[in-house]
Amino acid sequence: MIHSLFLINASGDIFLEKHWKSVVSRSVCDYFFEAQERASEPENVPPVIPTPHHYLISVLRHRIYFVAVIQSEVPPLFVIEFLHRVVDTFQDYFGVCTEAAIKDNVVVVYELLEEMLDNGFPLATESNILKELIKPPTILRTMVNTITGSTNVGEQLPTGQLSVVPWRRTGVKYTNNEAYFDVVEEIDAIIDKSGSTITAEIQGVIDACVKLTGMPDLTLSFMNPRLLDDVSFHPCVRFKRWEAERILSFIPPDGNFRLLSYHVSSQNLVAIPVYVKHNITFREGSSQGRFDLTLGPKQTMGKAVEAVLVSSQLPRGVLNANLNASQGTYTFDPVTKMLTWDVGKINPQKLPSLKGSMNLQAGASKPDENPTINIQLKIQQMAISGLKVNRLDMYGEKYKPFKGIKYMTKAGKFQVRT
Amino acid sequence: MSASSAFNEEKGGSSSVGEPEYGHDPASGGIFSSDYKRHDDLKEMLDSNKDSLKLEAMKRIVAMIARGKNASDLFPAVVKNVACKNIEVKKLVYVYLVRYAEEQQDLALLSISTFQRGLKDPNQLIRASALRVLSSIRVTIIVPIMMLAIKEAASDMSPYVRKTAAHAIPKLYSLDPEQKDQLIEVIEKLLADKTTLVAGSVVMAFEEVCPERIDLIHKNYRKLCNLLIDVEEWGQVVIINMLTRYARTQFLNPNMNGSDKTFYGSDEDEDEEEEEKEKKAEAPMAKRKPYVMDPDHRLLLRNTKPLLQSRNAAVVMAVAQLYFHLAPKVEVGVIAKALVRLLRSHSEVQYVVLQNVATMSIKRRGMFEPYLKSFYIRSTDPTQIKVLKLEVLTNLANETNISTILREFQTYIKSMDKDFVAATIQAIGRCATNIGEVRDTCLNGLVQLLSNRDELVVAESVVVIKKLLQMQPEKHSDIIKHMAKLTDNIQVPMARASILWLIGEYCEHVPKIAPDVLRKMAKSFTNEEDIVKLQIINLAAKLYLTNSKQTKLLTQYVLNLAKYDQNYDIRDRARFIRQLIVPTEKSGALSKYAKKLFLALKPAPVLESPFKDRDHFQLGSLSHLLNAKAGGYQELPDWPEAAPDPSVRNVEVKDSVRAVGTVTCRDRERWKGARVCSRTRANPPQERKHQRKSDQQKSDSESESDEESDSESSQSESDDSDSEADDPVCNNRKHKCIDSSLVLCLQNISPCSALKSYELLHRIRGEGLSVEYCFSRQPFSPDGNMVAVQMQFTNNATSEAKNLHMEDVKLQSGMRVKEFPEIELLPAGETATAVMGIDFCDSTQAANFQLCTHTRKFFVSIQPPVGELMRPVFLTENEFKKEQGELISVTCRPPTPFLSDSRFNSIRFILFCIAQNRKLQICLRGLYSLYTYDILGPETHHRHRKNSPKNEKTLPRGKKGKKP
């Protein structure tokens, strides 16, 4: 399936290559570079590029292109999903997935890639299994290894590989047993000029950090499980139980994992937490434009809207902007024409605003495109869909774990058209 | 490629050995500048006897390989360390070996013996990695060694090693395709493997080595369907794709039937055309029986559906394509929601999903309509995503939602991304052609765009308007006039050409303006692009024919200019047109028809989606994405006209194994509470689900007659029991000893107390006649060595069947058959039963024969599960009590030691089992008589014993008589 993998950085250098079958010359990447040149933006490089003898399937993460070379028919999503899994694993191992981190840990990277694929077919992608085979590098372990001469490589087949719960290793021990769940929701919305919602949906995830001894069997129930009609689960979740009782029952992996992600698409359920009053105009004939933006809280259920960040791609004709922010700071990048305004917390008594004028290129005609406004925000202690966890129970182990649940709402792709 | 090699060097090429090293390079150590010395240093480290030095050296070498540097000259030094004790060094040496063995075949052979030793290691990880490396070394000489290793590993105890063996198969195949036949044997063997770990990998090997051998799947089909949910996600993708293809060859098209016409009625217009077509296709088959979905087809759909909830986008896509290609229309809708969910994922995933949604939305528009808004475009989307979303929106447009969509398009037109704007204009054009009601609105909107400041937008609009005008030119002469004015400003060649073509084509609608345009064009002719020049000539010719008075001279002028043009195409065209339109004495007959030639009515263009007809590629595949056949792509076969024999998937032995699995769970639960079960995700509730699933499935495949035949047979049993009571043969047999291996064969004994009936002839294949058989567990009176097989004939056809009898019996040597008496008449709708006897000679060989009616003959075969190869023995109550008494001490002992003890004879063993089961014990008390079974002959299954000691608890809970 996957023949080779090339890692290419933003400046177009191949800094790592790995082959699982016969060696494919790195000149095959020239086709990729050609496509990259044609594409105006880095994210516009087509994920699948056919070449005379191979197909290149690539993903872009952390400004690194992961280019897989394949030779024959294979579902493209299979490769794409696998490449993302590789990136996730690197992140898991090294904390970050940057060129520097990969270069520093090139041996571990190589060992990982060796275990993840055999002859181009995925072998072990479960992080728990990999961590038993190849221990993540830590400073302490490196020191111990140098002194004692022990290695980072496991000698036994990971217990997960053969077990019915491949995502969990046996013999997990903690002194403090704790299980934390974060319910994080992102609002994707498009608001039109007049302030009415064109489309709005909620993308939610429940991320878990479970550090429990032994083989705990957890159940998580919700106050309002009917909200969750479009879900995808971590393989540990017992699907049938969910179907029948709407209860999440699972033996958790050890450590951090995404338990489930869900999608609330029906628009009337989606509360829009902020409103935007805007007036962005360019007058015909003059080289001036007006910019006027005010933010205010809308349906926030009494919670504060924090970490608000407004960004907008202004038309190409704009030379610079002289604005006045009532709160926070703004920056305008004259090269990319990107205006960013870091608002911070919205105070409902004193609404933040950004007002002023823009200078246009002399002689240029009025731009006919309207900039869209992208908003990022955070609301703590609230899931905007109203999802609430009812209770978390643990079976199968004797001790009493510490349990915690946190809610958070964020803006995802939240756009206001002007 | 010369350019690329130059490029390579620039990028730090892969093969340049001599290039200087820099300080940051871990392999250089920053001290040695010359290549020779550097490698010397590494060699020294590798030769030392300190593991830490070796490790350091290997790490540096691997870092070199990772950056594409050549380290092949270190091969001898590295290969020496292949037997190193330190496992990390060993692993890195493996990495090195796999990379360079192909280049240094002779030296690589030195390492082979180490791997051969590794293959025998007691540690499964070491066995597996030895096989992995051995099979990854691409050296042809070792093919026989690899073959041997794979064969051995395929029957290894550890499923992990078997998985590795499955991975090794395609490796060997690519190295030496001549091994195909042998490899297929291994694949066949591994396909029968019951662990989820192996399933995905072996199907992968199947797909690479012998995708055409669909017959290998038959026997494993149901097992694969049932295991699917527990297979790891990558294996799921491969299995689902393979099963899609399989199902296309084995089942009937669920949509080729009148039964879903009601559905058509409720559906939108989009299917109408299709419906028409299908109706026509149906016509000859109208007389066919109503479609009934094969239970196996249903099984596949049911077992894949939960996977739509997978976190892995590839799995979701695989299920989606399976439903799209295999499910009845009414059921396909479920995939839409899951696909829309994927749109939130990484942009690469979005890209692939949208491509597939675009194809699906043409065929099944209704499916995605509720999710219209999920395809709305954000200014932050990458352009390629925007264009695909636009495509989907266009496909989804219909009379009801077009106004919303057009309003949305209006916003898009103001976008800064000009490529996207151009695509939007195209999309508007397509909406306008597809939906007549909005044609005028769209046209007006596009005309407004003609005054846009951006030339690209205007040009694109012109091209689209041209296509729209062709549909009804007479209504829109004002638009043509407006466009004629644009020629002064527009510079984009394609747009200019389009305008000129329009004016030429419809010059009758703009008789005054047309000659003027030609005049202007003649002036600028020499400066125009080729494509525009051609259209100027075209315009001139058309005007000459309609309005020669005004344009004669102009035309001559243009043709003269063209005559001396640099482009031969234009010169050619000019010459050709001059001959055609300007009458000379020499001009041929054609010039008479010049007007007809040039001003013929041209059909309006059809604006079609580029995704139309892409669905002949299997969705989700690379070939579909590229719209070109990729290497190794397996065509999705068309549905068969008539369903192939469904009985090929019947696996009686396997069936009972499956049942054993479920019973094991049940029993274990009873004994030990909630124990982790190997088949499911370690949870009792799900186990129960599994059980229910397989129960349901049973009822699916066997139909309700199961219960009936059950009660029936128990009745007949009671009648027979007395007459057979003192059959001497039976009594003799009772004391036949069983050895320990027999215990194992009990695993395969059908554990259900109910009689299980099997299908001999499906009613579709039997043209209305269906035959089921069960092992009635009765003594077969004519011959004590034969097993009684009770057959139930049901005539589902409309006409009666006559002379049912059997013929042409084909048996393994030693086997015998006593035919059932001929059934002379079986009226429609009636059921008849008959009993036949087969002496299977204690084997599980099938008995093949032909079942004949007065009109037809059907080939059928009966294969007994081991558990049915029993002989009933009659015991009086006293005898039973005596036997039971002997066993009381046994019941107190835990089951495992008992089972490993081979000193017990069969009857005790079975009684023990009965005694263990409380429920049954209760009914036993009231017994006057009791049947128990003597197993006819041992069969060894050593493998089972090794792998699954737990299974020994499996109990044969055969029929044990009845209450008084």
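The values are calculated or read from the model by the stated rules, or taken from the named source; none is laboratory data. Please read these numbers as outputs of a predicted model, since none were measured by experiment. Glycine gets a Cβ as well: all are built from the backbone with ideal geometry, and neighbour counts include every protein chain shown.
I'd like the residue in region A:204-242 that is closer than 19 Å to A:Asn177 by Cα and among the acidic types (Asp, Glu) and, out of all such residues, is surrounded by the fewest Cβ atoms within 10 Å (Cβ to Cβ). Explain how you work it out, then say what you get.
Of the residues in region A:204-242, the ones closer than 19 Å to A:Asn177 by Cα are A:207-220.
With among the acidic types (Asp, Glu) added as a condition, the list becomes A:207, A:217.
Numbers: A:Asp207: 16, A:Asp217: 19.
Only one residue tops the list, namely A:Asp207.
Looking for whichever is more than 30 Å from A:Arg246 (Cβ to Cβ), touching a residue at least 60 places away in the same chain (Cβ under 8 Å) and small (Gly, Ala, Ser) here; the options are A:Gly386, A:Gly363, A:Gly344. Which one fits?
Exactly one of A:Gly386, A:Gly363, A:Gly344 is more than 30 Å from A:Arg246 (Cβ to Cβ), touching a residue at least 60 places away in the same chain (Cβ under 8 Å) and small (Gly, Ala, Ser), namely A:Gly363.
Given the criterion within 22 Å of the chain's Cα centre (by Cα) and either crowded, with 21+ Cβ neighbours inside 10 Å or closer than 18 Å to B:Ser345 by Cβ (or both), identify the matching residue among A:Ile64, A:Ile80.
Values: A:Ile64 fails: either crowded, with 21+ Cβ neighbours inside 10 Å or closer than 18 Å to B:Ser345 by Cβ (or both).
Exactly one residue qualifies, and that residue is A:Ile80.
Could you please tell me which pairs satisfy a Cβ distance under 7 Å, a separation of 6+ or placement on different chains, a first residue in region A:29-51 that is of a type in the set (D, E, K, R), and a second residue that is outside any helix (DSSP H, G or I)?
A:Glu41/B:Pro382; A:Glu43/A:Leu60; A:Glu43/B:Pro382
Of these, B:Ile145, B:Ile87, B:Ile141, which one is surrounded by fewer than 20 Cβ atoms within 10 Å (Cβ to Cβ), within 11 Å of another protein chain (Cβ to nearest Cβ) and among the β-branched types (Val, Ile, Thr)? If you could, list the steps in order and put the result at the bottom.
Details: B:Ile145 fails: within 11 Å of another protein chain (Cβ to nearest Cβ); B:Ile141 fails: within 11 Å of another protein chain (Cβ to nearest Cβ).
Within the list B:Ile145, B:Ile87, B:Ile141, the selection yields B:Ile87.
Report every pair of residues separated by at least 6 positions or lying on different chains whose Cβ atoms are under 9 Å apart, first residue within region B:612-627 and at positive phi and at the interface with another protein chain (Cβ under 7 Å from one of its Cβ atoms), second surrounded by fewer than 23 Cβ atoms within 10 Å (Cβ to Cβ) and at pLDDT below 90.
none
Cβ-Cβ under 7 Å, sequence separation 6+ or interchain: first residue in region B:549-562 and crowded, with 18+ Cβ neighbours inside 10 Å, partner not in a helix (DSSP H, G or I). Which pairs?
Here the result reads none, with nothing in region B:549-562 linked to a residue that is not in a helix (DSSP H, G or I).
Just the residues that are closer than 23 Å to A:Val45 by Cα and over 15 Å from the mean Cα position of the chain (by Cα), please, taken from region B:316-340. Please lay out each step first, then the result.
First, the residues of region B:316-340 that are closer than 23 Å to A:Val45 by Cα: B:317, B:339-340.
Within region B:316-340, B:Leu339, B:Val340 qualify.
Taking B:Val62 and the conditions (1) buried (at least 22 other Cβ atoms within 10 Å of the Cβ); (2) more than 9 Å from chain A (Cβ to nearest Cβ); (3) of a type outside the set (S, T, N, Q), which numbered condition does it fall short on, given that it satisfies the others?
With (1) buried (at least 22 other Cβ atoms within 10 Å of the Cβ); (2) more than 9 Å from chain A (Cβ to nearest Cβ); (3) of a type outside the set (S, T, N, Q) applied to B:Val62, the lone miss is (2).
Could you go through region A:84-97 and let me know if any residue there is modelled with pLDDT under 90 and within 11 Å of chain B (Cβ to nearest Cβ).
The answer is no; no qualifying residue exists.
Within region B:337-345, is even one residue of a type in the set (A, V, I, L, M, F, W, C) and more than 9 Å from chain A (Cβ to nearest Cβ)? Steps first, please.
So the first thing to find is which residues in region B:337-345 are of a type in the set (A, V, I, L, M, F, W, C), and the list is B:338-340, B:342-343.
Next, from what is left, pick out any that are more than 9 Å from chain A (Cβ to nearest Cβ): B:339, B:343.
For region B:337-345, residues of a type in the set (A, V, I, L, M, F, W, C) and more than 9 Å from chain A (Cβ to nearest Cβ): present.
Take region A:187-212 and flag every residue that is more than 9 Å from chain B (Cβ to nearest Cβ), farther than 21 Å from A:Val237 by Cβ and over 24 Å from the mean Cα position of the chain (by Cα). Full working, then the answer.
So the first thing to find is which residues in region A:187-212 are more than 9 Å from chain B (Cβ to nearest Cβ), and the list is A:187, A:189, A:191, A:194-197, A:202, A:204-212.
Remaining after also requiring farther than 21 Å from A:Val237 by Cβ: A:187, A:189, A:191, A:194-197.
Matches in region A:187-212: A:Ser194, A:Gly195, A:Ser196, A:Thr197.
Within region A:253-282, how many residues are out of contact with any Lys or Arg (no Cβ under 7 Å at 6 or more places or on another chain), in contact (Cβ under 8 Å) with a residue 40 or more places away in the chain and not in a strand (DSSP E or B)?
Final tally of qualifying residues: 5.
Could you please find all residues in region A:228-255 being farther than 15 Å from A:Gly204 by Cβ, under 22 Å from the mean Cα position of the chain (by Cα) and more than 9 Å from chain B (Cβ to nearest Cβ)?
Scanning region A:228-255 gives A:Pro252, A:Pro253, A:Asp254, A:Gly255.
Do we find that B:Thr411 is out of contact with any Phe, Trp or Tyr (no Cβ under 8 Å at 6 or more places or on another chain), away from chain A (no Cβ under 12 Å) and among the β-branched types (Val, Ile, Thr) in this structure?
Values: out of contact with any Phe, Trp or Tyr (no Cβ under 8 Å at 6 or more places or on another chain): yes; away from chain A (no Cβ under 12 Å): no; among the β-branched types (Val, Ile, Thr): yes.
It is false that B:Thr411 is out of contact with any Phe, Trp or Tyr (no Cβ under 8 Å at 6 or more places or on another chain), away from chain A (no Cβ under 12 Å) and among the β-branched types (Val, Ile, Thr).
Just to check your reading of the model, which residue among A:Lys366, A:Lys378 is of a type in the set (D, E, K, R) and modelled with pLDDT under 85?
Working: A:Lys378 fails: modelled with pLDDT under 85.
So the residue among A:Lys366, A:Lys378 that is of a type in the set (D, E, K, R) and modelled with pLDDT under 85 is A:Lys366.
Here are the criteria: (1) within 12 Å of chain A (Cβ to nearest Cβ); (2) not in a helix (DSSP H, G or I). Tell me which single one B:Pro306 does not satisfy.
Every listed condition holds for B:Pro306 apart from (2).
Applying the selection to region B:145-175, what residues are outside any helix (DSSP H, G or I) and within 18 Å of B:Phe115 (Cβ to Cβ)?
Pass one, region B:145-175, residues outside any helix (DSSP H, G or I): B:155-158.
Across region B:145-175, the qualifying residues are B:Asp156, B:Ser158.
Strands (runs of 3 or more DSSP E) wholly in region A:1-66 with at least 1 residues that are more than 10 Å from every other protein chain (Cβ to nearest Cβ) and closer than 22 Å to A:Leu77 by Cβ - which ones? So that I can check it myself, show each step before the final result.
Numbers: elements: A:2-8, A:14-19, A:48-50, A:55-61.
Here the list reads A:2-8, A:55-61.
Residues that are modelled with pLDDT under 85, farther than 28 Å from A:Pro137 by Cβ and in contact with a helix residue (DSSP H, G or I) (Cβ under 9 Å, 6 or more places away or on another chain): list the helices (runs of 4 or more DSSP H) wholly contained in region B:1-98 that include at least 2 such residues.
Details: elements: B:2-10, B:35-47, B:51-66, B:75-79.
Fully inside region B:1-98 and qualifying: B:2-10.
Return yes or no: is B:Ala314 facing chain A (nearest Cβ under 9 Å), out of contact with any Asp or Glu (no Cβ under 6 Å at 6 or more places or on another chain), within 21 Å of B:Leu243 (Cβ to Cβ) and assigned to a helix (DSSP H, G or I)? Show your work before the answer.
On the way: facing chain A (nearest Cβ under 9 Å): yes; out of contact with any Asp or Glu (no Cβ under 6 Å at 6 or more places or on another chain): no; within 21 Å of B:Leu243 (Cβ to Cβ): yes; assigned to a helix (DSSP H, G or I): yes.
In short, no.
Going through B:Leu468, B:Leu502, B:Leu486 one at a time, which residue ends up being surrounded by fewer than 19 Cβ atoms within 10 Å (Cβ to Cβ), among the aliphatic types (A, V, I, L, M) and touching a Lys or Arg at 6+ places or on another chain (Cβ under 9 Å)?
Values: B:Leu468 fails: surrounded by fewer than 19 Cβ atoms within 10 Å (Cβ to Cβ); B:Leu502 fails: surrounded by fewer than 19 Cβ atoms within 10 Å (Cβ to Cβ).
Going through B:Leu468, B:Leu502, B:Leu486 in turn, just one is surrounded by fewer than 19 Cβ atoms within 10 Å (Cβ to Cβ), among the aliphatic types (A, V, I, L, M) and touching a Lys or Arg at 6+ places or on another chain (Cβ under 9 Å): B:Leu486.
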